[in-house]
Amino acid sequence: MIKAVEMAAVQVEAQSRIEPLLLEVADVVNTTLDLDTTLRRVAELVRKVIDYEIFGILLLNEKTQELYFRFSVGHSSEVAERIRVKVGEGVTGVAAQRAEAVLVADVAKDPRYISAVPNVRSELAVPLIVKNRVIGVIDIESPQPDHFTEEHKRLLTLIASRMAVGIENARLYTRMTRQTKTLQLLNEIARELTSILNLDELLKRVGELLSQLIDFQMFSILLLDPAGEKLQHRFSLRFQENIQLKHDIPTGNGIVGAAVEERRAILIRDVKKDPRYIETNPETRSELAVPLIYKDKVIGVLDLEHTKKGFFTEDHHRTITTLAAQIAIAIENARLYEQIARQEGRLERDLAMARELQVRLLPQSLPQLGHLEIAAKFTPARTIGGDLYDFLSYSQSRVGLVIGDVSGKGAPAAIYAALVAGILRSHAPMEPAPAEMLAAVNYSLVERRIDAQFVSLIYCIWDDASLTLQVANSGLPRPVYCHQGKTQMIEATGLPLGLFEDAEYDEFVFQAEADDIFVFFSDGILDATNRAGELFGRTRLEKIIAECSTQPAESIVKSIFKAAADHASGVETFDDQTVVAIKVKGSTPKHT
């Protein structure tokens, strides 16, 4: 009877200890989702009911089936970070394998014991189980043999059964929070990388941004050479310091070469145990190599290294693999941009040379005649253009004047204009009349017909002895004749050259007098457009000529260009502009 009373008293005492303990367990489970806080409070809770010197919570890596320390008391940080316990090995591994608590009174007599802390004699390991799945182990140790009792085992099992849910919830919450932050950062990184078009700047920024995701110690970006035979180091960091690595790695060699060949990320926990590893840094222990794939083609590799064995995780693997696709796109964009920039640079140099050649093909000086002033100006809409003017020498004080406008703009028009100029000069020694010259040029161009290419020309012959001007036109705007300050159009028209075989051209002859002015121009002058869409037009042109009729030919040309530019101010010039003005000398010209 007395014994029964004593047992009942013990049960009451135990119950009195368990009830507040369970309340505290519930409080931990229900009030925090931070994993570090949860694990720390579990350690504090256990100490209230079990006196320990060494405490650890090991969580299970389900893929590797290894237990690793997530929280510890009494273990050095170095040992805790290094230790990995296979399920089924050691006291904790056996507890995880059997899914039941293991109590060892004297570890010196138990062959399963794995020594991590000196002078340990007794150990108690209790599995953390959630929905019949072991997620980890609570492990306590003591330097005293027989320190832990069956009552301790029962209490710790009770705590573990309640705390396992809280630990798993906190673990999942931590993982989800980390994944959310990682996805947000990945999105920010992807958005930023696509805006960087300089390849060297891009690769440097990739290293900086990756360091926000993973605390690597060594990092390299290697790109495949054009032949696809070797990987070349384009950017490398060693302990946050930018370094230059010169050696290339043949495709298929090393961890990075294997990543390219196998077209998949390769995670190595211990490079010393992998025969593929090529030692570039003797301190390296773990490595993660991820291929950069763009449009199903491997273009390079991201390579991360660390001095700590097993540093890189499956989370790192997933994160970098996700980001690698965006990095590959950004690299190809930067490469394409650099290629275009190089091509544009070559094109600009070519255009500058073409511009210089075109300027040199224009007359370098104006004919000096006793009774005629001549002025001319050509401004291309682009670097080079398709307008032209020229002066061809005839005998007996005569000179041929040419102004032309090739269809289109830019380099094709400039080349065609050079062809036309060559044809004109080849016919000039025969001294054809204006209509004959246009017919001859037309015949030559039709023989060399180029689709959608033609030229409009005005060809004139000035006779300085008789003061006569012969004019023929093949499609340019009708020129302006100014006599005694009054302007009129010269009704010379005709079909452009290079389109029709049998085209014929009219010819007009003018007997000039002192101070008469003739102005020839391309349609780029008339078509100059302002912001309101209004053309410069012939009315404005003739008004300028009339107002400048007392001025030299050069002033007339300058005034026309200035008025057209003022009219179209703020609007991009879309057509070449050319003006040739001639003025018969008479009384002394008035200069402005």
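Descriptive notes on the structure:
- Dipole check for segment 194-338: with +1 at the C-beta of Lys and Arg, -1 at the C-beta of Asp and Glu, and the Cα centre as origin, the magnitude is about 220 Debye.
- Each residue of segment 286-292 is assigned a 3J(HN,Hα), and the resulting list reads 10, 8, 10, 10, 10, x, 9 Hz, derived from the Karplus form 6.51 cos²θ - 1.76 cosθ + 1.60 (θ = phi - 60°), x at Gly and Pro.
- Amide H partners (placed H, <5 Å) of TYR294, local residues excluded: ILE299
- Rg over Rh [alpha-carbon atoms, Kirkwood Rh] for segment 220-335: 0.93
- Trypsin sites (Lys or Arg not before Pro) within segment 418-518: DSSP coil, no more than 13 neighbouring Cβ in 10 Å: ARG448, ARG449
- Values of log10 I(q)/I(0), in the order q = 0.05, 0.06, 0.11, 0.12 Å⁻¹, for the chain under a Debye, Cα-only, solvent-free model: -0.51, -0.60, -1.01, -1.09
- For segment 100-109, backbone phi angles converted through the Karplus equation (6.51, -1.76, 1.60; θ = phi - 60°) give residue-by-residue couplings of 8, 5, 10, 10, 10, 6, 9, 5, 5, 9 Hz, Gly and Pro being listed as x.
- For segment 182-239, the orientation-averaged shadow of the C-alpha convex hull comes to 4.6 nm² (one quarter of the hull surface).
- Furthest towards positive pole of dipole, MET163, TYR52, PRO143, structure part segment 14-177, Cβ charges: MET163
- Under 24 Å from the Cα of LYS295 - lysines, other chains or at least 8 residues apart: LYS204, LYS230
- For segment 363-584, the Cβ-based charge dipole about the Cα centre amounts to some 620 debye (Lys, Arg positive; Asp, Glu negative; other atoms uncharged).
- Options ILE196, THR322, HIS247, ranked by Cα towards positive dipole end of segment 194-338, top entry (Cβ charges): THR322
- For HIS75, the residues whose amide H sits under 5 Å from its own are PHE55, ignoring neighbours fewer than 5 places away on the same chain, with H placed 1.01 Å from N.
- Euclidean distance of C-alpha centroids, segment 374-418 and segment 66-131, integer Å: 94 Å
- Working note: Karplus 6.51/-1.76/1.60 with θ = phi - 60° gives segment 262-272 the couplings 8, 6, 8, 6, 10, 10, 10, 6, 9, 5, 5 Hz, where Gly and Pro are set to x.
- Net charge dipole size for the chain [Lys, Arg +1 and Asp, Glu -1 on Cβ; Debye, nearest 20]: 1780 debye
- Selection from VAL301, HIS371, GLY386 lying farthest towards where the dipole of the chain points positive, charges on Cβ: VAL301
- For segment 14-177, the Kirkwood estimate of the hydrodynamic radius, built from every pair of different alpha carbons, is 15.7 Å.
- For the residue pairs LYS48/LYS109; LYS273/LYS309; LYS272/LYS308; LYS272/LYS309; LYS486/LYS583; LYS273/LYS297, the C-alpha atoms sit more than 18 angstrom apart in LYS48/LYS109; LYS273/LYS297.
- Qualifying aspartates and glutamates (Cα of each under 19 Å from Cα of LYS131; at least 8 residues distant if same chain): GLU62, GLU100, GLU168
None of the figures in this text is laboratory data; all of them are computed from the coordinates on show. Keep in mind the model is a prediction, meaning the values are calculated, not measured. A quick note on method: Cβ atoms are made from the backbone with ideal geometry, for glycine too, and the neighbour counts reach across all protein chains shown.
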